[in-house]
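The values are calculated or read from the model by the stated rules, or taken from the named source; none is laboratory data. Model, not experiment: these values are computed from the prediction. Quick reminder, even Gly has a Cβ in these numbers, built from the backbone with ideal geometry, and neighbours come from all protein chains shown.
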Amino acid sequence: MNFVTIKNSQILEKYHHIFNHYLAQNTFNEAPSELYEPVNYILNLGGKRLRPLLVLMGANLFDDKFEKALPAAFAVEIFHNFTLLHDDIMDEAPLRRGKPTVHARFGTNTGILSGDVMLIQAYHFLNKIEPNDLKSKLFTIFNKMAIEVCEGQQYDMNFESRNDVTLDEYIRMIELKTSVLIAAAFQMGALIGGASDEDSFQLYEFGRNFGIAFQIQDDILDTFGDPEKFGKKVGGDIVQNKKTYLVLKSYELANASQRANLQQLMTTPTQDEIVKIETVRGVFQELDVLNYAQTAMYEFLEKSFKALDSTPLSIERKNELKEWANDLMLRQI
Ligand code: IPE
Ligand code: IPE
Ligand code: MG
Ligand code: MG
Ligand code: MG
């Protein structure tokens, strides 16, 4: 197989640059502005651009003309941002990327409708990929992924009112709500670059395990992140009674009185947010669950590396991807 060699890690900057240029060229200027302004607002708040980067990188692993993957990269980023718009409504989140969330700024009805149009725009851009048999494959992957994300989001909400969620159920939930998109982005990019189904599937497997690790770190940052850097409301998951790794591990390790205390906190409506966040964080610290969560995160990162090792990519490319994935586990945002 003929793989293109990445000269140095500056290539990641190159993907970002090319993607941001494509995004700027495709600003939504249509009427009514009340529908499209929130779309441009969220897309221009930035973010890490992780998923489009994976599409472009996936394509570039197999073809040096990776620019043909740009419409798919954009589709994936629009889809991701659509999920964030609706997720912020569901999670009653006030902040996103350091700025007011779309529904906080423009109202909930606008948040719903602008999110809807983004989902359709994502398909519109994916539809630009040629030839038709490749497009059809991409649509199959994308549709499966998008349905799974909805399923994951529903489990996430179901778990808010349950106190018997297992760690296995949690992992499955975050696999659905977060990691399948990361996995599909990488797989789609690889297919656009001309990868075989088998190679593209190994990249999916890398993304699936990496995505689980990524969401565990997101949960950690939601409780222990630096409010100056995180860009989202620290403690939001605690207020919403989210069943994160930290909560579930605490239930496992707690003594009877700690468990009763935590259950009471996580089931009754929040009276005083600050007190609740501080109390729950205190229980996490007593039980040292941060340590367990980080261990689990690195276990999934390790699994993602195993999937990568079974691809025929060069050692250099594997190492570059591993370094990139490892850096994301140390992120603050
Ligand atoms: C946020 O994703 C939602 C999760 C799945 C954790 P990111 O952390 O990739 O968000 P941005 O796009 O960089 O803001
Ligand atoms: C997000 O999970 C998953 C999706 C948006 C599908 P979170 O609710 O943890 O994401 P953040 O923390 O709001 O970014
Ligand atoms: Mg959220
Ligand atoms: Mg959520
Ligand atoms: Mg989160």
TODO: Scan (1) within 19 Å of the chain's Cα centre (by Cα); (2) more than 13 Å from ligand 3 (Cβ to nearest atom); (3) surrounded by 20 or more Cβ atoms within 10 Å (Cβ to Cβ); (4) not small (G, A, S) for the single condition M266 breaks and write down its number.
DONE: (1)
Open item on the list: Can you tell me which condition C150 does not meet? The list is (1) touching a helix residue (DSSP H, G or I) at 6+ places or on another chain (Cβ under 7 Å); (2) without any contact (Cβ under 8 Å) to a residue 40 or more places away in the chain, and all the others hold.
Closed with: (1)
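What number of residues within region 212-241 satisfy the criterion of being assigned to a helix (DSSP H, G or I) and within 13 Å of ligand 5 (Cβ to nearest atom)? Walk me through how you get there before you give the answer.
Here is the first cut: in region 212-241, the ones assigned to a helix (DSSP H, G or I) are 212-224, 227-230, 236-239.
When the remaining residues are screened for being within 13 Å of ligand 5 (Cβ to nearest atom), the result is 214-224, 230, 236-239.
Qualifying residue count for the region: 16.
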Task: Meets criteria (within 12 Å of ligand 2 (Cβ to nearest atom), of a type in the set (D, E, K, R), surrounded by fewer than 22 Cβ atoms within 10 Å (Cβ to Cβ) and more than 24 Å from E302 (Cα to Cα)) for K242 - done: yes
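Have a look at Q271, Q258 and point out the one that is assigned to a loop (DSSP other than H, G, I, E, B), at negative phi and either touching a residue at least 12 places away in the same chain (Cβ under 8 Å) or not small (G, A, S) (or both). Step through it out loud before you land on a result.
On the way: Q258 fails: assigned to a loop (DSSP other than H, G, I, E, B).
When all the criteria are applied, what remains is Q271.
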Task: Complete set of residues in region 42-81 that are over 24 Å from A325 (Cα atoms) and within 16 Å of ligand 2 (Cβ to nearest atom) - done: I42
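Within region 288-299, is there a residue that is closer than 23 Å to Q187 by Cβ and within 16 Å of ligand 2 (Cβ to nearest atom)?
The answer is yes, given that some residue of region 288-299 is closer than 23 Å to Q187 by Cβ and within 16 Å of ligand 2 (Cβ to nearest atom).
If you take the residues in region 99-122 that are polar (S, T, N, Q) and surrounded by fewer than 17 Cβ atoms within 10 Å (Cβ to Cβ), which one is nearest to E34 (Cα to Cα)? So that I can check it myself, show each step before the final result.
Just the residues of region 99-122 that are polar (S, T, N, Q), to begin with: 101, 108-110, 114, 121.
Still in the running and surrounded by fewer than 17 Cβ atoms within 10 Å (Cβ to Cβ): 108-109.
Values: T108: 13, N109: 11 Å.
The qualifying residue nearest to E34 (Cα to Cα) is N109.
Give me the helices (runs of 4 or more DSSP H) completely within region 32-145, filtered to those with at least 2 residues that are more than 15 Å from ligand 3 (Cβ to nearest atom), among the aromatic types (F, W, Y) and at negative phi, ordered by residue number. First the steps, then the outcome.
On the way: elements: 33-44, 50-60, 70-90, 102-106, 108-126.
Answer list for region 32-145: 33-44, 70-90, 108-126.
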TODO: Filter region 44-67 for residues that are touching a residue at least 24 places away in the same chain (Cβ under 8 Å), more than 15 Å from the chain's Cα centre (by Cα) and either crowded, with 24+ Cβ neighbours inside 10 Å or under 24 Å from V117 (Cα atoms) (or both) and give the result.
DONE: L45, L56, M57, G58, A59, N60, L61, F66
- [ ] Output the qualifying pairs, or none if there are none: Cβ atoms under 6 angstrom, residues six or more apart or on different chains, first residue in region 86-111 and farther than 17 Å from D222 by Cβ, second residue within 12 Å of ligand 1 (Cβ to nearest atom) and assigned to a loop (DSSP other than H, G, I, E, B).
- [x] K99/L45
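Could you check, for region 289-298, whether at least one of its residues is within 15 Å of ligand 1 (Cβ to nearest atom) and either within 17 Å of the chain's Cα centre (by Cα) or in a helix (DSSP H, G or I) (or both)?
Taking region 289-298 first, the residues within 15 Å of ligand 1 (Cβ to nearest atom) are 293, 297.
From what is left, the residues that are either within 17 Å of the chain's Cα centre (by Cα) or in a helix (DSSP H, G or I) (or both) are 293, 297.
For region 289-298, residues within 15 Å of ligand 1 (Cβ to nearest atom) and either within 17 Å of the chain's Cα centre (by Cα) or in a helix (DSSP H, G or I) (or both): present.
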Open item on the list: I'm told I171 meets every condition in (1) over 20 Å from K306 (Cα atoms); (2) within 16 Å of ligand 1 (Cβ to nearest atom) except one. Can you identify the failing condition by its number?
Closed with: (1)
TODO: Select from region 178-190 the residues that are within 11 Å of ligand 1 (Cβ to nearest atom) and without any contact (Cβ under 8 Å) to a residue 40 or more places away in the chain and list them in ascending order.
DONE: S179, V180
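Looking for whichever is under 30 Å from L203 (Cα atoms) and either modelled with pLDDT of 95 or more or buried (at least 20 other Cβ atoms within 10 Å of the Cβ) (or both) here; the options are S310, S314, S304, S250. Which one fits?
None of the other options fit; the residue is S304.
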Task: Residue selected from region 13-43 under the condition acidic (D, E) and in contact (Cβ under 8 Å) with a residue 24 or more places away in the chain, by the criterion farthest from F230 (Cα to Cα) - done: E34
